[in-house]
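Since the structure comes first, as structure tokens, the remarks are kept for the end.
The values are calculated or read from the model by the stated rules, or taken from the named source; none is laboratory data. What you are looking at is a predicted structure, and each value in this text was computed from that prediction instead of being measured. Ideal geometry is used to build each Cβ from the backbone, glycine not excepted, and the neighbour counts take in all protein chains shown. What goes into the accessible areas is simple: the full protein's heavy atoms, side chains included, and nothing from ligands, DNA or RNA. Shrake-Rupley method; radii C 1.70, N 1.55, O 1.52, S 1.80 Å.
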Amino acid sequence: MTTEVPRETWTEITDAAALTALLGVPTDAARDKERSALTDLDRAWLGASPFCMVATADAEGRCDVSPKGDPPGRLVHVLDDTTIALAERPGNRRADGYRNILANPQVGLDFLIPGRGDTLRINGRARLVVEAPFLDAMVVEGHRPLLAVVVEIETVFFHCAKAFLRSRLWRPETWEPEARVPRRAVVAQRLERPDDSIEVLDAHYGPRYEERLYG
């Protein structure tokens, strides 16, 4: 249990100069590592990555971050050195990030490889494409995507491993036991589907859930 601290006791950073004074300036290597086009190393990373986080914002700046996952080699389709595409797969149909892209095309992507602490970051401008020849190359388990997010790359760079090392993300012995964090069925019943029984929700999120990933 936490104790609420009165907000009037907080000290807040309100301008860039104060932020720089607190954190310092980046090294030359960190400042200059951004690139505007993919290299062979970037392409290799994208081909090995099965997971990325996609950050978007609407016209008023309200943000959303959505996870995207596919088998390695299927998550990203590289169109050329400055353009990539991500497939839309069946989901909850909220389309929060896609609605944001329609209002504000700027996106940020972070690509992960399991077991690796470094990540590949891409920032650029996105659009939603529902028909193009490259969609045929994005078929998984016989299912062609309904649409793809095509990103025109503005910056691409590798991010260091410190966050993953601090969090011990890839160390199973540090993962939270279910006793502290209830399984998905329990969370769904409490917050989303109170009229369904735990048995019904366990069945929904059981083996059949994985069978419906692409259909």
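Couple of notes before you dig in:
Conditions tested, residue by residue: (1) part of a strand (DSSP E or B); (2) in contact with a Leu (Cβ under 8 Å, 6 or more places away or on another chain); (3) of a type outside the set (Phe, Trp, Tyr); (4) open to solvent by 60 Å² or more (accessible area, probe 1.4 Å).
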position	(1), (2), (3), (4)
Val149	yes, yes, yes, no
Glu152	yes, no, yes, yes
Phe164	no, no, no, no
Trp170	no, no, no, yes
Glu173	no, no, yes, yes
Glu176	no, no, yes, yes
Arg180	no, no, yes, yes
Ala188	no, yes, yes, no
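- Applying a threshold of 6 Å to beta carbon distances and a minimum spacing of six or more residues, or different chains, the list of pairs starting in region 145-166 at a residue that is among the acidic types (Asp, Glu) and ending at one that is assigned to a strand (DSSP E or B) and surrounded by 14 or more Cβ atoms within 10 Å (Cβ to Cβ) reads Glu152/Thr83; Glu152/Gly124; Glu152/Arg125; Glu154/Asn123; Glu154/Gly124.
- Reported count of residues in region 103-123, each being surrounded by 14 or more Cβ atoms within 10 Å (Cβ to Cβ) and either at positive phi or among the aliphatic types (A, V, I, L, M) (or both), is 6.
- Among the residues of region 193-215, those that are open to solvent by less than 100 Å² (accessible area, probe 1.4 Å) and part of a loop (DSSP other than H, G, I, E, B) comprise Arg193, Pro194, Asp196, Ser197, Tyr205, Gly206, Arg212, Leu213, Tyr214, Gly215.
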